[in-house]
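Notes follow the structure.
No value in this document is a laboratory result; all are computed from the given coordinates. Remember, it's a predicted structure, so these values are computed and weren't measured experimentally. Please note: Cβ atoms are built from the backbone with ideal geometry, for glycine as well, and neighbour counts cover all protein chains shown.
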Amino acid sequence: MSVLKVDGLTTGYVKQRPCVRDVDLSVEPGEIRCLLGPNGAGKTTLLLALAGMLPRFAGEVEVGWVAVPGGNPRAAITAGMVLVPDDRALFRQLPTVQNLRLAVRQRSRRAAAVDEVIEYFPSLEKRLHVDAGRLSGGEQQMLAIGRAIVQRPKVLLIDELSMGLAPVIVDEILAVLRRLSRETEMSVVLVEQHVHLALGVADRASVLVHGSVVIDDSAEALRADPSRIEAAYLGADVDAAV
């Protein structure tokens, strides 16, 4: 059973010129799905639409068999989709611990939520009382993901996870995402420019070109034949490259 099902999604910033066209996507519980594609392919636009940050011109989105209306961020969160945007969306003048507590609606869960994040990202423990704006890039990304996971998402959307981060930090964060997907069955939809990193952690991958999905296959298959992705990025006939 798919936890996220997207049928014929068309979206963008101007209805007459959509950036994403007729996208179908299905994500299973505990699955990590990476979205690949050249710059301007529509990957971020797709995540923003799923998170309710952009209007939906056509198509349907379901989370756990429940329809999610378009252009409604609150409805998307209530359904179980939480976005970590590329700018991380932190309260930079508040300490780490306060950033985490504010992400949890129930006051009774706030202390436990902080402990939960420290379990996954132990390096944040010594930074709990440091303002988010003074954290390193890696620590900020850990905090942003921590804020998301304490909301108990069914589907975690992450845009440009590795941007500006050292490889060792990226590896640490990807290992946590893999652990979360296995332990909690949380699904992850990940936009990542570094193809080898994304395919190394993902179960499946979708390649977008000019707003359309041109490849949808297992990460294992694409690791075995990277020429398919190269052909898609270069605008070649993908079917001919298979």
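The table below gives the values:
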| item | result |
| --- | --- |
| Whichever lysines have a C-alpha closer than 19 Å to that of K5, once near sequence neighbours (fewer than 8 apart) are set aside | K43, K154 |
| R17/F91 FRET efficiency (R0 41 Å; Cβ-Cβ; nearest 0.05) | 0.75 |
| Neighbour cut-off at most 16 other Cβ (10 Å), DSSP loop, chymotrypsin sites (Phe, Trp or Tyr not before Pro), region 1-109 | Y13, W65, F91 |
| V189, V201, V66 arranged by Cβ crowding within 10 Å, fewest neighbours leading | V66, V201, V189 |
| Per residue Cα convex hull volume in Å³ - calculated over the chain | 121 |
| Amide H within-cut-off set for V84, under 5 Å, with H built and near neighbours excluded | L157, I158, D159 |
| Per residue Cα convex hull volume in Å³ - calculated over region 1-107 | 130 |
| Residue-by-residue Karplus 3J(HN,Hα) for region 44-49, coefficients 6.51, -1.76, 1.60, Hz, glycine and proline x | 5, 4, 4, 4, 4, 5 |
| For K5, K43, order by how many other beta-carbon atoms lie within 10 Å, fewest first | K5, K43 |
| Cβ-Cβ FRET estimate between R134 and S108, R0 fixed at 22 Å, reported to 0.05 | 0.15 |
| Radius ratio Rg over Rh of region 81-152, counting only Cα atoms, Kirkwood formula for Rh | 0.91 |
| Gaussian network model of the chain, Cα within-10 Å springs - most flexible of Q151, Q93, Q106 | Q106 |
| Proxy reagent accessibility, fewest Cβ within 10 Å first, across S162, S2 | S2, S162 |
| Charge tally in the Cβ shell below 12 Å around F121, where Lys, Arg are +1 and Asp, Glu are -1, F121 excluded | -2 |
| Sum of side-chain charges, G59 neighbourhood, beta-carbon under 10 Å (Lys, Arg +1; Asp, Glu -1) | -2 |
| Tilt relative to the chain, helix 110-120 - C-alpha long axis, 0 to 90 degrees, to 10 | 60 |
| Full-stretch length increase - A58, I77 - with 0.36 nm per residue and alpha-carbon distance subtracted | 4.8 nm |
| For the chain, share of DSSP beta bridges that run antiparallel, in % to the nearest 5 | 55 |
| Segment A166-A67, length gained on full extension (0.36 nm per residue, minus Cα span) | 31.8 nm |
